[in-house]
Each structure stands twice: as structure tokens, then as C-alpha cells.
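Notes to accompany the following structure.
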Amino acid sequence: VDKAVLAAPENTRNQATVIKWNPANWTYTTLRKGTNRIVCFDLSGLPGQVAFSLECTMLGNLDRVAQNLKFETEPDRAKRTAAIQAAEKDGSRAKPEFGSIWWHVRGADQATARPHMTIAVPGATAQSMGLPDNGKQGGVWIMDAGTSAAHLMVPGE
């Protein structure tokens, strides 16, 4: 529990829900029920994950997380990308909550792990948000614009 919440902002950690994923079927067990909308989990060493991998997001994104974890078990990048694109095209891709935050801490080990934060804006485009769809200008930008995976990238995170 204490390790899983390290990806969350410090002032929210004690109120976050903590779950443990079952890689056999991508269901989860609740280790601690929280009092806010944040859910955290340790993905370290699971299929498709790096050795040290912590993630927190909003409770409403758990279907998306389960789907992501299932996709990430495919080691062949081209096959994984094709499966994601097929789900996107046929409408079966779980959408994250618009405006929800994803916090990650990932690396070879805890000492070298880096934090990263994104904000989900599914379906957003440069036209709909008024933000660029690439990082060339150096500010916040939309990655994967126009898809359910669209999210705001924050430079330096």
C-alpha cells in the first residue's frame, strides 16, 4: 500500500484507494478503500511493465487500465498497436474520464524511477482544445489527438 501510493501527490496519498491487479484476468482486489477518487496500484514486474512501475489515476478509469494492461501483455509492438487501433475503430476501446489525471513513477528501480503525469482528454484535437498536437513549441500539447488515448503532455514531467 505504501509503495503503490508513491505515484500520487503527497497530499492525496492517505485518502487514495489501493488495488492489486491479477494478471491472469486483469481483475483487481482492493487492498485499501480510499476516501477520494484516486486509485493507485503497483505494476512492477507485471507482463509488459518495467521493473519499478507505480500508477495512480481516477477510479472511473479502471476499465481503461485493465484494457491497457491486457494490451501491454502482447510483446510484439506491431500486434499490440494493431489490437489497440482495432478496438479504437470498433468502439470497444474503454475511454478514460475527460480531465482525469494519470500519475506514473517508472524505472529500472526506485532510485532511478522518473515521475510522469498526463491529463486524459479523450477525443480532443488541436482544433477542439486550442492546443498544439505536438511538442515542438515547448508548452503543453495533445498527444494521440483525436483518439480515446488523447492526453495532455506537460513538458518536464
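Laid out as a table, the results:
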read-out	value
Residues of segment 12-79: accessible area per residue with a 1.4 Å probe, Å²	52
Measure of compaction for the chain (Cα Rg per 2.2 N^0.38 Å)	1.04
Pairs of lysine residues in segment 1-123 - Cα separation under 20 Å, sequence separation of 8 or more or cross-chain	8
Spherically averaged projected area in nm², based on the convex hull that wraps the Cα atoms of segment 68-146	6.9
Hull shadow area, averaged, segment 26-92 [alpha-carbon convex hull, nm²]	5.1
Segment 57-144: chymotrypsin sites (Phe, Trp or Tyr not before Pro) falling in loop per DSSP and having at most 13 other Cβ within 10 Å	Phe98
The chain: calculated mean residue ellipticity at 222 nm from DSSP helix runs of at least 4, using -39500 (n - 2.57)	-5500 deg cm²/dmol
Where trypsin sites (Lys or Arg not before Pro) fall in DSSP loop in segment 68-156, at most 11 other Cβ within 10 Å	Lys136
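The values are calculated or read from the model by the stated rules, or taken from the named source; none is laboratory data. Values in this document were obtained by computation on a predicted structure and should not be read as measured data. A quick note on method: Cβ atoms are made from the backbone with ideal geometry, for glycine too, and the neighbour counts reach across all protein chains shown. The protein model used for the area step is the full one, side chains on, heavy atoms only, and it has no ligands, DNA or RNA in it. Shrake-Rupley method; radii C 1.70, N 1.55, O 1.52, S 1.80 Å.
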